[in-house]
Structures are given as C-alpha cells and as structure tokens.
Amino acid sequence: MDGVRLDRPARRAFLVVHVVASAGWLGLSAGLLALGVAANTTGSPTTVEAAVRSMQLFADRLLLPIALLTLGSGLVLALGTPWGLARHRWVWIKFWLTLATTTATVFALRPGVNDAVAAVSAGHALPDGGDVLTGPVVSLSAYVFMTAISVLKPWGATRRGRRLREAARKGRPAGPARV
C-alpha cells in the first residue's frame, strides 16, 4: 500500500464534504442556468438586470469557493483512499473535468457574467445571451456526467491501476509510480 491512507472517520468526513460541495456546485449551476434563461427570454430590462446581477453574486461569491472545495476534497479522497487518483478511469476523468470546469469558472463564466452586468447596468441590452447561457449549460452537463460516473464507476482500472493491483496480488512492489 503506497501513500497516506485516511482513517475511517476522516474518510467519511471528507466524503460528506465532497458530496455536499459537489451537490452545491450542481445546484448553483442549475440556478445560474435558470437565471440565464430568464435574462434571455424576458422582455423586461429590469428582469434582465436582476437576473444577471444575481448570476454575478453567485459567480463571484459562491462558485469559486465551492469549486475549490470540491476539487480539494476530491483530491484528498483520491489520494487518501484505495481508489487513488490514477488507478480508475472514472476518478481520473472526474479529476480532469473538475479541474477544467474550475478553470472555466474563473476564466470564462465569471468574465462573461461580469461583462453582461456591466452592459446591462449601463443601460445597454444584454450583449450576447450566450455568455450567460453557455457556461451554466456546459458546467451543468459536466456535473451531471460526473455524478453519474461517481455512482456507476464505469470503465475499470487504468493501466497503472491494473499494474498496481497485479503487483499487490503477487506481493511485490509495483515499481516506480507513473501517473
């Protein structure tokens, strides 16, 4: 067994934190999508402004902390449990999707929402409705997919995971760790 393993209470605590943060991220994305749809389908400038300002509040105050909490707790669980980070394809895919969606939150979703708020606050029309819809659609799709693979655990072990499992069966070290 390589690496540090979490004891049962710590593993359970991190699992609860991870599931709550992940569910929060999924819910925030659904809320952002609802607000983006409202901003794009209403004829009322007041509703458009309220919707994009609400999106900005969620994006600026909640999304990044929830994203980082999800990423951090997932890493601790992956590295502190037998699942490992690169032993199973579903864990590996979840890690990269979480990293990608966290990055997209910082560099795409938040700037798009901030641009929409700036334009609407200045009395202009919503500059591009896609800016407030694309991010939530992509992120919600990614989180639903990650939730599904967390439950189903498809695709089996990675090459590294198979090698480590085989070495454990034979009772010998697996050699140098390659991620």
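The values are calculated or read from the model by the stated rules, or taken from the named source; none is laboratory data. Fair warning: this is a prediction, and the values are worked out from it, not measured in the lab. Cβ placement follows ideal geometry from the backbone for every residue including glycine, while neighbour counts extend to all protein chains displayed. When the accessible area is computed, the model is the full protein with side chains, heavy atoms only, and any ligands, DNA or RNA have been set aside. Shrake-Rupley method; radii C 1.70, N 1.55, O 1.52, S 1.80 Å.
Computed with a 1.4 Å probe on the full set of protein chains, the accessible area for residue 115 sits at about 90 Å². How far, in degrees from 0 to 90, does helix 159-170 lean away from the longest principal axis of the Cα atoms of the chain, to the nearest 10? It works out to around 30 degrees. Remark: region 103-163 carries 53 Å² of accessible area per residue (probe radius 1.4 Å; ligands, DNA and RNA excluded). Working from Cα pairs under 8 Å separated by at least six residues, relative contact order for region 1-93 is 40 percent. Counting only chymotrypsin sites (Phe, Trp or Tyr not before Pro) that DSSP places in a loop and that have at most 16 other Cβ atoms within 10 Å, the longest clean stretch of the chain runs over 1-82. In region 1-107, a dipole from Cβ-located charges (positive for Lys and Arg, negative for Asp and Glu) runs towards its positive end, and of 33, 57, 100 it is 100 whose Cα lies farthest in that direction.
Only Lys, Arg, Asp and Glu carry charge here, each on its Cβ (+1 for the first two, -1 for the last two); on that basis region 1-64 has a dipole of about 280 debye about its Cα centre. Residue order by solvent-accessible surface for 93, 149 is 93, 149, largest first, with ligands and nucleic acids left out and a 1.4 Å probe. Computed on the chain, with alpha-carbon pairs under 8 angstrom and 6+ residues apart, the relative contact order is 28 percent. Comparing Cα centroids, region 94-156 and region 1-73 end up 10 angstrom apart. Put simply, the amide H of residue 88, placed in the peptide plane, has neighbours under 5 Å in 158, leaving out anything fewer than 5 places away on its chain.
Taking all protein chains into account, the per residue accessible area for region 1-92 stands at 53 Å² (1.4 Å probe).
The ratio of the alpha-carbon radius of gyration of region 50-172 to the globular-protein estimate 2.2 N^0.38 Å is 1.39.
Counting only Cβ charges, +1 for Lys and Arg and -1 for Asp and Glu, the dipole size of the chain around its Cα centre is about 1720 debye. What is the angle, in °, between the Cα long axis of helix 8-41 and the longest principal axis of the Cα atoms in the chain? Nearest 10 is fine, range 0 to 90. Its long axis makes an angle of about 30 degrees.
Placing unit charges on the Cβ atoms only, positive for Lys and Arg and negative for Asp and Glu, gives region 96-175 a dipole magnitude near 1260 debye about its Cα centre. When shorter helices are ignored and each DSSP H run of at least 4 residues is given -39500 (n - 2.57), the per-residue value for the chain at 222 nm works out to -24500 deg cm²/dmol.
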